[in-house]
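Structure first, commentary second.
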Amino acid sequence: MAKRSYTKTLMKEQAPEIRAHNFAEVTLGYSLEEGQQEASRCLQCKNAPCITNCPVMIDIPSFIKAIEENEMEQAQKILSRHTNLPAICGRVCPQEKQCEMACRLGRSKKFEPVAIGKLERLVADWALEQPFEVAVTAMDKGRVAVIGSGPSGLTTAGDLAKLGYEVTIYEALHEPGGVLTYGIPEFRLPKKIVKKGIERIVAQGVKIKTNVVIGKTITMEEIIDKYDACYLSVGAGAPRFQGVKGTALNGVYSASEYLTRVNLMHGYQFPTYDTPLQKVKNVVVIGGGNVAMDAARSARRLGAENVSIIYRRSLEELPARVEEYHHSVEEGINYHWLSNPIEYLGDDQGKLKAVKCIRMELGEPDDSGRRRPVSIPNSEFIIEADTAIEAIGQDANRVLLDTFPQLALNQWGYIAADEETCATSIPGIFAGGDIVTGAATVILAMGAGKIAANQIDQYIQMKKVKK
């Protein structure tokens with residue numbers, strides 16, 4: 001057992017000048033000894049606030065105690081009771097705004113919180129290297145369709161399989177994983193980690209059918225006839241643009257298209273994969289969330305000499321994870337705070353050559369509680385750019401919704417679903433993740449998936465009783 005330490009154990013990283021030119025993972029993970037050292041910092045609170053601040057309610061003190069005592073198998077068992085994708089959550093979950101924010105050690109103001117996410121990753125990565133055997137539950141409780149193989153759909157499918165349901169996931173793309181596969185870059189979430197996580201879920205008996213577009217390949221009516229219940233987790237991957245003049249110029253991308261080309265279409269492995277991504281020099285990214293960071297840092301790795309992020313608020317309002325912001329700065333990403341594009345300028349070939357921006361100031365708070373950006377008259381300036389990537393959010397995926405009008409939507413065009421049950425306006429149809437909340441985090445989507453699995457189980461068993 002490691003001697004107790006109150007100093008946070010730092011995780012090793014690739015040097016910025018090296019990692020800015022490759023897609024290998026930035027953070028290198030804890031060794032077992034480093035993990036035990038960090039685990040020794042946990043106060044083992046009886047009424048642990050970290051648990052209630054975790055969307056999937058992991059028994060955090062128990063799995064950390066198991067690490068400290070070098071009981072890695074026990075730590076893995078504890079994690080697996082609560083999450084099907086711990087290696088993914090340990091990397092991309094915003095722990096600093098959830099479990100770690102509630103950590104009593106960190107709230108003392110003298111010390112940093114326990115690195116819960118990094119410890120979760122340690123256990124999960126250890127488990128992925130062990131021989132994997134699973135006792136598949138007899139699938140005799142019913143049949144469930146899950147539409148979408150992102151984090152929410154995978155969570156629901158895994159939990160239902162454990163309960164004894166025959167589960168089939170339908171995925172529109174040629175590879176499963178949803179945003180885990182097409183949206184998050186290799187340097188933050190390696191594809192092999194996603195694939196191994198999905199393999200574990202498939203090993204539990206879950207079937208995944210790719211290249212199936214619900215609403216086109218198969219209708220929702222056919223799904224309803226074939227299954228006892230259905231979970232909709234198709235995400236919110238439709239591109240969103242500000243609509244400024246010049247958006248149609250060659251070189252202006254949505255972040256969803258750009259990152260899909262990089263990730264799902266293997267642009268990060270050029271020239272091994274001949275993916276259609278132009279080699280460019282000056283890249284501008286509009287937005288301040290994690291997606292903006294991913295796009296900017298990917299462009300840097302693909303050879304862009306100058307990469308800038310334009311954000312209409314200040315650093316204090318930046319929604320991206322602090323760690324991602326610091327990594328981007330170290331990698332040479334530039335920032336134009338309190339700025340916003342007002343026009344894309346092109347050449348006579350219809351190609352982007354510059355972005356015209358205007359400076360902003362913060363006025364009164366808007367509906368989100370943040371101060372509203374207001375344009376400053378006569379403050380325009382121009383940034384040279386051959387690529388512009390808008391990372392300002394995403395809209396609901398309309399393919400399924402437009403072919404299934406019976407399903408009630410909310411005022412923003414997402415599926416209207418009960419927050420506590422994931423039930424929709426149609427009995428037996430449940431929904432969760434980004435298609436309900438709009439673009440959010442992986443862990444919140446997983447939280448909805450766990451709720452849905454429990455509610456689907458109750459719904460199907462209650463129907464059997466009534467028969």
Report task. Go through the stretch 49-60 and count every residue that is open to solvent by less than 10 Å² (accessible area, probe 1.4 Å) and without any contact (Cβ under 8 Å) to a residue 40 or more places away in the chain. Result -> 0
Requested in this report: Quickly run through the stretch 48-92 and pick out the residues that are touching a Cys at 6+ places or on another chain (Cβ under 7 Å) and in a loop (DSSP other than H, G, I, E, B).
Outcome: Asn53, Cys54, Thr83
Report task. Could you run through the stretch 70-79 and say how many residues are under 14 Å from Met57 (Cβ atoms) and surrounded by fewer than 18 Cβ atoms within 10 Å (Cβ to Cβ)? Result -> 0
Query raised in the report: What number goes with the only condition from (1) out of contact with any Gly (no Cβ under 7 Å at 6 or more places or on another chain); (2) in contact (Cβ under 8 Å) with a residue 60 or more places away in the chain that Asp366 does not pass?
Result: (2)
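The rows are residues; the columns are (1) farther than 17 Å from Ala87 by Cα; (2) under 23 Å from the mean Cα position of the chain (by Cα); (3) open to solvent by less than 40 Å² (accessible area, probe 1.4 Å).
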| position | (1), (2), (3) |
| --- | --- |
| Arg4 | yes, no, no |
| Glu17 | yes, no, no |
| Phe23 | yes, yes, yes |
| Val26 | no, yes, yes |
| Gly29 | no, yes, yes |
| Glu33 | yes, no, no |
| Gln36 | yes, no, yes |
| Cys45 | yes, no, yes |
Requested in this report: Provide a single number: the residues in the stretch 419-448 that are under 24 Å from Lys226 (Cα atoms) and either at pLDDT below 95 or not aliphatic (A, V, I, L, M) (or both).
Outcome: 9
Report summary line: Just one listed residue, out of Ile224, Ile218, Ile208, Ile193, is within 17 Å of the chain's Cα centre (by Cα) and touching a residue at least 12 places away in the same chain (Cβ under 8 Å), and it is Ile193
Requested in this report: Working only within the stretch 153-187, note down all residues that are closer than 20 Å to Cys422 by Cα, in a loop (DSSP other than H, G, I, E, B) and of a type in the set (Val, Ile, Thr).
Outcome: none
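Residue-wise test of (1) surrounded by 23 or more Cβ atoms within 10 Å (Cβ to Cβ); (2) of a type in the set (D, E, K, R); (3) over 30 Å from Glu69 (Cα atoms).
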residue	(1), (2), (3)
Glu120	yes, yes, no
Asp140	no, yes, yes
Val146	yes, no, yes
Asp159	yes, yes, no
Lys162	no, yes, no
Glu171	yes, yes, yes
Val179	yes, no, yes
Gly183	yes, no, yes
Query raised in the report: In the stretch 112-152, which residue that is touching a helix residue (DSSP H, G or I) at 6+ places or on another chain (Cβ under 6 Å) and assigned to a strand (DSSP E or B) is nearest to Glu33 (Cα to Cα)?
Result: Val146
Query raised in the report: Can you tell me which residues in the stretch 297-323 are without any contact (Cβ under 8 Å) to a residue 40 or more places away in the chain and assigned to a helix (DSSP H, G or I)?
Result: Leu315, Glu316
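Residues Leu277, Leu264, Leu259, Leu232: which one is closer than 30 Å to Ala453 by Cβ and either of a type in the set (Ser, Thr, Tyr) or surrounded by fewer than 23 Cβ atoms within 10 Å (Cβ to Cβ) (or both)? Break it down into steps so the answer makes sense when it comes.
On the way: Leu277 fails: closer than 30 Å to Ala453 by Cβ; Leu259 fails: either of a type in the set (Ser, Thr, Tyr) or surrounded by fewer than 23 Cβ atoms within 10 Å (Cβ to Cβ) (or both); Leu232 fails: either of a type in the set (Ser, Thr, Tyr) or surrounded by fewer than 23 Cβ atoms within 10 Å (Cβ to Cβ) (or both).
Answer to the selection: Leu264.
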Requested in this report: Tell me, yes or no, whether the stretch 42-49 has at least one residue that is in contact with an Asp or Glu (Cβ under 9 Å, 6 or more places away or on another chain), at pLDDT 95 or above and farther than 30 Å from Ala453 by Cα.
Outcome: yes
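The values are calculated or read from the model by the stated rules, or taken from the named source; none is laboratory data. Bear in mind that the values here come from a model prediction, so they are computed numbers and not experimental data. Counting neighbours? That spans all protein chains shown, and the Cβs are built from the backbone with ideal geometry, glycine included. Protein only, heavy atoms only, side chains kept; ligands, DNA and RNA dropped before computing areas. Shrake-Rupley method; radii C 1.70, N 1.55, O 1.52, S 1.80 Å.
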